[in-house]
Structure formats: C-alpha cells, structure tokens
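Here, each number is a calculation from the coordinates, and none is a lab measurement. Remember, it's a predicted structure, so these values are computed and weren't measured experimentally. Please note: Cβ atoms are built from the backbone with ideal geometry, for glycine as well, and neighbour counts cover all protein chains shown.
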2 protein chains.
Amino acid sequence: MGVNSNRVEAFSTHQTTLTVKVSVPMPPSMEVHTVCLPPQTTTFQKLKHRVSEIFFPEDPLHRFKNQTWCTKLLLGVQFFFPIFQWGSGYNLRLFRSDLISGLTIASLAIPQGISYAKLANLPPIVGLYSSFVPPLIYSVLGSSRHLAVGPVSIASLVMGTMLSENVKDPILYLKLAFTATFFAGLFQASLGLLRLGFVIDFLSKATLLGFMAGAAVIVSLQQLKGLLGIVHFTGKMQLIPVITSVLEHRNEWSWQTIIMGFGFLVFLLTTRHISMRKPKLFWVSAAAPLTSVILSTLLVFCIKSKAHGISIIGHLPKGLNPPSSNMLYFDGPSLALAIKTGIVTGILSLTEGIAVGRTFAALKNYQVDGNKEMMAIGFMNMAGPCTSCYVTTGSFSRSAVNYNAGAQTAFSNIIMASAVLVTLLFLMPLFYYTPNVILAAIIITAVIGLIDYQAAFRLWKVDKLDFLACLCSFFGVLFISVPLGLAIAVGVSVLKILLHVTRPNTMALGNIPGTQIYQSLSRYTKALRVPSFLILAIESPIYFANATYIQERILRWVREEEERIKANKECTLKSIILDMTAVTAIDTSGIEIIGELRKMLEKRSLQLVLVNPVGNVMAKLHQSKILDSFGIDGLYLSVGEAVAAISSSWKPQP
Amino acid sequence: MGVNSNRVEAFSTHQTTLTVKVSVPMPPSMEVHTVCLPPQTTTFQKLKHRVSEIFFPEDPLHRFKNQTWCTKLLLGVQFFFPIFQWGSGYNLRLFRSDLISGLTIASLAIPQGISYAKLANLPPIVGLYSSFVPPLIYSVLGSSRHLAVGPVSIASLVMGTMLSENVKDPILYLKLAFTATFFAGLFQASLGLLRLGFVIDFLSKATLLGFMAGAAVIVSLQQLKGLLGIVHFTGKMQLIPVITSVLEHRNEWSWQTIIMGFGFLVFLLTTRHISMRKPKLFWVSAAAPLTSVILSTLLVFCIKSKAHGISIIGHLPKGLNPPSSNMLYFDGPSLALAIKTGIVTGILSLTEGIAVGRTFAALKNYQVDGNKEMMAIGFMNMAGPCTSCYVTTGSFSRSAVNYNAGAQTAFSNIIMASAVLVTLLFLMPLFYYTPNVILAAIIITAVIGLIDYQAAFRLWKVDKLDFLACLCSFFGVLFISVPLGLAIAVGVSVLKILLHVTRPNTMALGNIPGTQIYQSLSRYTKALRVPSFLILAIESPIYFANATYIQERILRWVREEEERIKANKECTLKSIILDMTAVTAIDTSGIEIIGELRKMLEKRSLQLVLVNPVGNVMAKLHQSKILDSFGIDGLYLSVGEAVAAISSSWKPQP
C-alpha cells in the first residue's frame, strides 16, 4: 500500500516562519478565513478563457511569444513542416539508423500493403501505391519520429465492409474507395484545423480494445476464404454469415491450399512468438512475411500451381502510381455512402495513427501534437486518392518494428517509400506466382495481435464498466456491424459518464484526531464523528441531472443520522456541513436545491453550512444571491474552521 | 458576500482534548497519515450498492424496518394507497378547507377543461370527462396534497400538434388520442415501477423554461384563429405557417368576434395581474374564467349570435363519461404515431406533475416520492382512456389556486370531480351559446404565465450555458417542432455535462500562511507559492474523454512554472503535487495517464505525488498496481503533510 509511516512524535520545528497552536475539537476562537470570489471577469473574458481551454489547451503559440519576426517566421515554417525542424540537424549517424529501419519496414510494408488492399476488396497494386505517396507526404508534415505510414488492417476492413455490402461494380467500387479516402482525409484535416481533436478521445481505449478484437476475429474468419481456397464467399462481415459461408462451400475447399496456408501460418505465428518473447529478435517477425512471400512464390512457380487449385495474384502492372483525381466522385446516389465510409474510416484511422504516435513519443519522451498530426494524416489522405492511394495512417505493427529497428526520424518513411518505388518500377512481375493464400496468412498474423485478452482481463479487474464498454463494442462489431458496434460502444462510454453524474457519491466525514483533516467515516476507522455535526461531502458537480437525487440523499443522511443519534442517545444534531470541495460545477437547478435544502433544514431547526466552494461554484452562488440567505455563519473555507467557529458560537454568551 | 470576520487573534483554548503544535511551512518531522483503501467489498456487494443507489436512493423501505408483520401490512397499504394514510385522520376542519378549495378549482377546471380539449383538437366534452375520472383516481393513489389534476395546456398542445399533422379523420383522431394517452400512462407507470424516475431529470428547468415559453407563444398565436374568428386555419404548429395563415385569411376576420375576444382577454389579464400583485386575492383570477364564460354566454344568447359571425360551442351531450376501451388501437399503421405521441406527452405531463407536486410539497415541508407519483399519474392515464379521458396531470395554475385556497388533502380533487359530475349531468345545455372566442381568451391567459422572461434573465446572469439550453429549446419548439425542440434542448444539456468533463478546470494551489489550507493562487491573493513545489488541483473525474487533455494541461503547467522560475531566478522545481480531492472517479484511461505522467516527469527529475485520492479512485489505483510505482513517498493524505514530509526528506541526512 505504500505510505505507512504512522509516526506519532513530538513535533520539532526547524524552519518555522509562524507557529500556530491549533486545538481540536472546538477552540472557542480561531482565525476564520474568508471564502474569496474568483477574480472579476467580464462575460467576454470568460468566454475567451473557455474557448482557449477548449481549443488551445496546450497553448500552441507559446513558442512564438517574445520572438523577433524573423524567428517567428522560421518557427511558423517549422510548426507546419516539422521536416525543417529535424532536417537541419540531420547527419550521417541518424541516416544510418533510418536506412536500416526503413528497409526493415519496407520488407514488411510490401507484403502487408498487397494483403490489406485485398482486405479492402481493392486490387493488390493499390496497397503498394498507398505505401509510396502517403509516407512521403507524412515525412514532410508529421511530427512523430517513429510512425510507419501505410494501409492498415482496421481501416481496410471497415472500408471493405461498408462499400462491398452496397456496391458490386468494380469500377464504381474503386471510385468510391478513392472518394471515401478523400472524405476521410478532409474530415481528419478539418478536425485538426478546427482543433476538435478531442472528438477522437470519445473512443476510449476500452472501446477500441473490444472493437479491434471484434474486427480481428471477423478479419481472421474472412481469411478462411483464402486459407481454404473457397471461390464463392459471402460479402457480409458479421460472424454468422461468414461461418455459414465457410461451412456451406465445403466442396470448394482445396487441400493443397490448406496445407500451404496453414504451413506458412504456423511459420509466421512462430516467428511472431519468438519476437514477442525476445524483443531484440524483432527482425525475425519483421522479415518473416517477405520471406514467406518469396518462398511460397518460388514453390508455386516450381510446381506450376494452377492445376493444383492454388489461386495466385497474377499480373500486376509495372510503374508508378497513376493519377486518379478524375476518379473522385462528388455527385450521384452513392455520394452519401462515400461520405459515411470516409468519416468512419477517417475516425478509426485517425485514432490508430494518433494513439501509435503518442505511444512511441511517450517511450522516447517527446510530445506529439494531436491536432497537428490530424492535419498531417488528413492532408496525406486528401492527396492520396489523387495518386491511386486509399486510406492510410500510422500502422501499429510496422511502427513498433520501426521503433525497434532504431528509427530516429521520419526519414525512415522516405527510405521505405524508396524501397516501394523500386518494387513498383522493377519487381512487379515477380509477384505473378505469389499465391493468395499467403496473403491470408499474413493478414491473420497481423490482426491476431489485436486480440488482447490480457488487457481485457485487466479492465475487468480494475473497472467493470470499462469492461462492459469493451464487451459491447466487441459483440456489436461481431454480430451487428462495424459502425453500429462503434456507436453502441461510444454510447456506453457516454452513459457511464452520465451515470456517474446522475448518481454521485456522498459520504459522511469525521475528524482524524489531532489534525484538521476530515475524512470519510466508512473508510478511515480513525476518523471520529463530531458531536452535533453532520459533515457531508458531495463528490460531483450539482447539475439538473442529479439535483433531485442529491437533495433526497442529503435528507436521507440527515434522517439516518437523527435515527442513529436517537438510538445511541447522543447530543442532538444541530448543524449540517456540506463540504463542496469536490463540487466542481453547479448549474441553476443545483443552486435552487441548495436554497431549498437550506429552507427545509431550517424548518427543522438545523443549520446548513457550505464549506470551500470552488471558484466558479462560488461565483454562481454569489450571482444568484443565494449566499445572502446563508449569512455570515453559513460559509467557511475549511471544515475545521467551520466546526470550530460554529461550536464556539453555541456556547452561552457571557 | 457574507463571511468576512477575518480576525487575526491569539488563540485561546477552552475545551481542549488534544493540543498539537503545527508549524508552517515545512516542519522537518510530522505525523504522516496513511491514505486508506475503502473497505474491501466483493464485486457482488459493489454491484448491489450501486444498484441500490441508482434505483432506491431514498431507501423507500426504511419505514418497514423493525416492524411487526401487521404494521408492515398496514404500512404497505398506506404506501401504495396514500389515501389510507391521510384518510384515517380526516376531520371536519380539513373537509371545510378542502370543500372551499375544491369548488374554487372546479370553477377554473370546467372552462379550462373545455378549452384545453379544443387545444388538443378534441371535442370540448372530452376535457370535462378528463376533469372527472382522473382526479378521483389520483386522490386515491397520489401523495401530493395540493396537486389539482386535469388536462393541461402543454400536453394538450403537444398531442394536438403531433396527431393533427398526420391524421385528418376525426374518429381515427379520437382513437389515436385515447391510445396515445394509454401509452403515456403505461410509460409513466413503467418509469415509476422500474424506478427510472431520474430520466425526467434530464429535462432541466432551463430546458423546460425555454420549451414552455416557446409552446406558450405557439399556443397563443394559434388562438388567433378563435380570437379573430378565422374559419380556415393551418394545422401546423411552427411560428411561420401560423403567422402566414393569420395574415392570409384576413377576409375571414370578424369584428364582432374580435371586439368580444379582446374585451374578455383584457378582463382576464387584468384579473390575473391583480392576483399576481396581491396573492390574497387569488380568487379574483380563479373566478374570472367561469365569470367570463357565463357573461359571454349570456351576451351571445341575448344577441343570438350566429348572424353576427361569432362561432359557438353548440350542442354538448349530457351524461357521464362513456366507456371507451373499445377505441384503444393496438395495431395498424398509426400505432407507431400513437406510441411516439404517448411517450412525448407522457414525459412532458410527468415532468409538469412531478415539478408541481414537489414545489408545493417544499412550501409545506413534506416530501413527494417521485417514483410513487409517477405510478399514480401513470395509472390515472392508463385508466383514463377507458372512460373517454385524454392525457391529464397536475396543472400548475390550478394547483397554485388550490394551494392558495387552503387545500389540505387530495380530497379537494374529489370535491372538484363532484362539481364536474354535476356539470356533466345537468348543466351541459347551458354551454350551447358559449362562444369559442372566450375559450381562446382563457387559453391565452393560462399560457401567458408560462413565458417567464425574468427567470430567463436570471439564467443569463448566473449560467450562460443554461441560458443557451433554454434558448435552444425555445427556438427549437418555435421554428422546428415540439419533439425535435425538446431533443435539441436535452442534447445541449448533455453536451454541457460532457463539455465540463472533457475540459475540466485545473489550478495551481498555494498555502495560506499560518494554516494547513491550500487554495487557488489566482483566487486567494493571500495564498503563497511553496518554493520547489508545484501543487495542482484537478477539478473533475479523469476519464477517457479528458485523460489526454489533463495530461497535456499538467505538462503545460509544469512548463509554465519552469519558465516563471527561470525568469524570477527562484529555486528549481522538484516536486509536482496533484491534489486529487475533486477527482471523484477514474477509469482505465485515467489510470494510464497518471502512470505515464509519473514516468515523463521522472525523466525530467521531477517527482509526482498524489494527495487524497477518494475511495473508489484509491481502490482502482490500488487494483491497477500503479501505486506501487509511486512508492512510499508518492501518496499523502493532505497537501500539508505531503509538503512537510517531502521537503524534510530533501534536507541533507546527518
């Protein structure tokens, strides 16, 4: 439990500036401190302060203060293009680290790019295109040093789900995918520009945990198509249709595919396991996908597959990203679908990108500016669909490899893009014989890490409601649909906040002998009741949503205390002290019940006393004139002072 | 401001049980108290406590404890039928009071009943039926002594709006009105039975203020139809169609109707004004509507109106409520409409009934049990539509008259119902010549009191966001629609809670010299910074929705403090103390950022210390094992103890 140095000693005073003798309980006279109002501010000043706290909590312009114009300009350029910040100090040592890590992630990015594009029902080559342009843009605009940018599993899955349930025509599908990516980028960049980054905070980690596990289960099951060699497969994404589809097409299962698939799957999972056990061997799992692709391609090439029923990727066009801005689709009946898909994939990819960036920034003790990252990711996704890229963000698995491989700056993304460039220009024909089954194995290996049952167990242990939110998003995604599952989980999270506000905790306090500390009677066995007083702490803002509850609960406390006193024949109750320290806000309903409570208790000859209202609560109590009814003896700065002053006032006057 | 007895005196000690010498600041040795965990409870016990706080906050069964079976039975009957509680002590003195008040509200209820039924587009007689059966049921089940039950303006308006925009056939309309009433009752009774009464708390007073004012404006404008004698009028309820309709049908305006209408309107408003000025003359405004009805009926009878274009009520059937359970409508295409209308009118009438009951209970210092009231109102509205009644609840205006006329028990409702009974049986033909214009004048007089601009001004002064919620519901109702206006207002209220949670207040604390009190530096000019310490208070639970913000904000506080120290050349910062008193809850995201923050500050050689986490926060910090990383010097019970213990540990050891 930590602290337990419960020394009861004589107090010696070294650095004493002022020595006060405090007597407990009830000194008849004592310095009583005024409860101050917060400094007077106009409505405009309040609004300005509020707006700056909402939109500029980290004070992004603090660097620009007290600088010359020239420095300000330089800082401004560095602010918008972080490459100029780290670029000026770039040297050969950093380059060597970035080169190694860049090549490592490229070896992972190429097979994963092809696989994820298939997951999104897009041509495999689009995955490679998306691993080329976006990383270049991010390396100029992004502020994370370890983020490895490219297509990711979750966003690919969601885009695939949402579009393929509605669109069958492959050309329209491609157009909509690019359009959705553009809207995802627009949405992301707008959130960053409007400084509304806190919107993504509403996807709590618990929610995301459940969501990602659910998505991983669905993605893995979907890969049974490739892994078993099934040709006709459902386009739906819920658990039941997928399993039904697997079982219904048993006649299409191909044993050659199954052997090859499960063989490589075991290989990939083993390498993953090794790297997890010994983080130094990260390169084992990093190199495994490319190794598998090469090995399986060679194998299929040797046995000239087709006849054996192993489906292959086939012809992929050589050359760089073709321009595709003419494929953006801004009118027509499917526009709403594209916008909706864009927003959902945009939020998800943003959440992943920001979370990954923050994780590695915290490890290396630098800060990533959420709103700036949103703009970087947003612009990257707005530019992407003009060059045949679909939605991209920072990938967790590749960023982890990047970090472990020793990446120092975003230059590793440029190295990776260059490797993809070489692949696109020269190596495409080599993928002709690559079997689709290997892509399925790669996807399963990548997403299986998203199922973090240990974290779910920790949630259960620490916070049952967080666990519930996690479960809701898991089952919501699994059985209903991705957007609805997410919406349910966000709903549960918000409901949790509202529940806490609607039914806040109240507790009776007692004095810890020998101190001015008042603490919960039920928690601190040392704490003693102060006779004739009922000291209550309210642990919540008082709002319309809980005002009635708080009023009833306080009256119940009073009733129970009176019954207790009657049973034990103690001194009668005279004063109710409300410790308002944790009442962090109040609204007009709250003010009203405070006034009503005072009147109701007064009719029973009980005095209501407020202690230590915080700044804005004090201001509102003052503005509403309710303080006047409390009078001079109704407001104190600390419970100790209130108890002392009130009990001394009860003494018979001389 | 109240308290300002800032006496700095020598302390004399009378009733001293224990005298402690506390030195400030930094005594090198001091008693340090352990931060306790809350008592160990199992998950089931926690759940039980949580559930009982959510659903049984007022401990409704406390009367039943330690009683014999016989008493328990009697208490049980009294619990469900409050009439047995007050009925046993009923006497002639109480009866005299109830008789006078009952007859007074009857004189108001009869004209208002007819008027409100017209407001709901129902036959006027339904308004009288609804003033007969429901008050009788309420007097048996209800726990308020002053509630006067019957049709009310808001619920009538809303039902009229929602149904008449979709249904034109009068028979179907009547069926749907009864069905909607039944569902309203079912919804209300279920809320009461399931003890979900707190749902209506989400309609804050600010929201209701705006809503009622908006509804009053619309209702008043709608009455221009009757007041100007227009025959063809829009069925819509928004501001613009109503005004357009008034202006378009100028050719239908009838000057006789206008003169009569405005004459009586001025009379009614004057009597209302008199009663408001002198509450003792409440009977002036209470008697005015019936007087107006009688006078206008006589007037129209004398001049045999029809030719002069004054429309009259016409024939009303004599006799008691006909049974109407065969008119309830449980299938078919309009069922959804009936359910929706039922839920909206149910919530609104419930809110009005409960608020009115609580208001007068508070004035007479008794308590109204919200959940029980819901059941009473709910059963009344479920039984009502079987006897040709539409939705009813406690009316604010009539309850106020009831209270002022000296009502003592719910028996005044029985008196009122008896008066309505006599009217239904014998007096119906007298209403033949009653002009419709007088009903319009009565409605306007009744609803004009709902526009409480002074309360709105108080909201503006005390709480700008409450004022915004009020404005939203006002304009939402006026320009969009009643249900959507309500939904927007509830949305704004919930957003306000979320905003407070998302961007909580943080502040730096300082010591008030000579005390162990630590208060906001910006608010208390007396408070002094403690050198080498940064003491921060967080005024909010730490949740997923604000975890990132709090982390960034704390880091900004540290940065700003370091800059300040650098500028002023003070001692370097060594320790950050987080006062967690107002952190009333934490979730897994919150726990994570506390851990991250500790690591980040440690890398900068700054110590992070937690002070006074509340019970459940402490429990979660303990369960998550994060406390272990804080160690023995990372957790204190009060800021004073933390400052003393840490600063003494910095002294060079001997």
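Output the Kirkwood hydrodynamic radius of the stretch A:503-650, Cα pairs only, in Å rounded to one decimal.
For the stretch A:503-650, the Kirkwood estimate is 15.4 Å.
Under the criterion of Cα pairs below 8 Å and six or more residues apart, the relative contact order for the stretch A:232-348 equals 17 percent. Shape index of the protein assembly as shown: Rg/Rh, with Rg the Cα radius of gyration and Rh the Kirkwood radius from the inverse mean 1/r over Cα pairs, equals 1.02. Sorted shortest first, the separations between the B:Ser522 label point and its copies elsewhere in the assembly read 3.5 nm; each point sits 7 Å from Cα along the Cα-to-Cβ line. Take B:Leu363, push a point 7 Å out from Cα through the beta-carbon direction, and compare it with the same point in every other copy: 6.9 nm, smallest first. Between the stretch A:401-425 and the stretch B:348-405, the C-alpha centres lie 71 angstrom from each other. Using θ = phi - 60° in the Karplus curve 6.51 cos²θ - 1.76 cosθ + 1.60, the 3J(HN,Hα) couplings for the stretch B:465-480 round to 6, 4, 4, 5, 4, 4, 4, 4, 5, 4, 6, x, 5, 5, 10, 9 Hz; x is entered for Gly and Pro.
On average, how many beta carbons from a partner chain sit within 10 Å of the beta carbon of a residue in B:540-550?
Details: counts 5, 9, 0, 8, 13, 9, 4, 3, 9, 8, 1.
What the average comes to for B:540-550 is 6.
Coupling constants for the stretch A:160-171 follow from the phi torsions by the Karplus curve (6.51 cos²θ - 1.76 cosθ + 1.60, θ = phi - 60°), and in residue order they are x, 4, 5, 7, 6, 6, 10, 10, 10, 5, x, 5 Hz; glycine and proline get x. Placing a label point 7 Å from Cα along the Cα-to-Cβ axis, A:Lys72 is separated from the same position in the other copies by 7.9 nm, shortest listed first. How large is log10 of I(q)/I(0) for chain B at q = 0.06, 0.12 Å⁻¹ when the intensity is taken from the Debye formula with one equal scatterer per alpha-carbon? The Debye formula, applied to the Cα set alone, gives -0.48, -1.18. Counting neighbouring Cβ atoms within 10 Å and putting the fewest first, the residues A:Ser397, B:Ser156 line up as A:Ser397, B:Ser156. With respect to chain B, whose longest principal axis is taken over its alpha-carbon atoms, helix B:92-119 is tilted by about 80°. Computed from phi, the 3J(HN,Hα) profile of the stretch A:377-382 under the Karplus parametrisation 6.51, -1.76, 1.60 (θ = phi - 60°) reads 5, x, 4, 4, 7, 7 Hz, with x in place of Gly and Pro.
Among the listed pairs A:Lys48/A:Lys620; B:Lys496/B:Lys599; B:Lys46/B:Lys603; A:Lys72/A:Lys620, those with a Cα-Cα distance over 29 Å are B:Lys496/B:Lys599; B:Lys46/B:Lys603; A:Lys72/A:Lys620. For the stretch B:503-650, the dipole from Cβ point charges (+1 on Lys and Arg, -1 on Asp and Glu) about the Cα centre works out to 340 debye, to the nearest 20.
Using the 10 angstrom Cβ neighbour count as an exposure proxy, how do B:Lys461, B:Lys48 rank, fewest first?
Final ranking by Cβ density, sparse to dense: B:Lys48, B:Lys461.
The angle between the Cα long axis of helix A:411-422 and the main principal axis of chain A comes to about 20°, on a 0 to 90 degree scale.
Sorted fewest first by neighbouring Cβ atoms within 10 angstrom, A:Leu509, A:Leu499, A:Leu247 come out as A:Leu247, A:Leu499, A:Leu509.
Could you state the number of Å between the C-alpha centres of the stretch B:252-301 and the stretch A:151-227? Answer, in whole Å: 65.
Taking the square root of 5 times each eigenvalue of the Cα gyration tensor, what semi-axes in Å does the equivalent ellipsoid of the stretch B:112-202 have, largest first?
Numbers: eigenvalues 114, 60, 27 Å².
Equivalent-ellipsoid dimensions as semi-axes: 24, 17, 12 Å.
The relative contact order of chain B, computed from alpha carbon pairs under 8 Å that lie at least 6 residues apart in sequence, is 22 percent. Once backbone amide H atoms are built at 1.01 Å from N, B:Leu608 has B:Ile576 as its partners under 5 Å, excluding neighbours fewer than 5 places away on the same chain. DSSP finds beta bridges in the protein assembly as shown, and of those with both partners inside it, around 55 percent are antiparallel.
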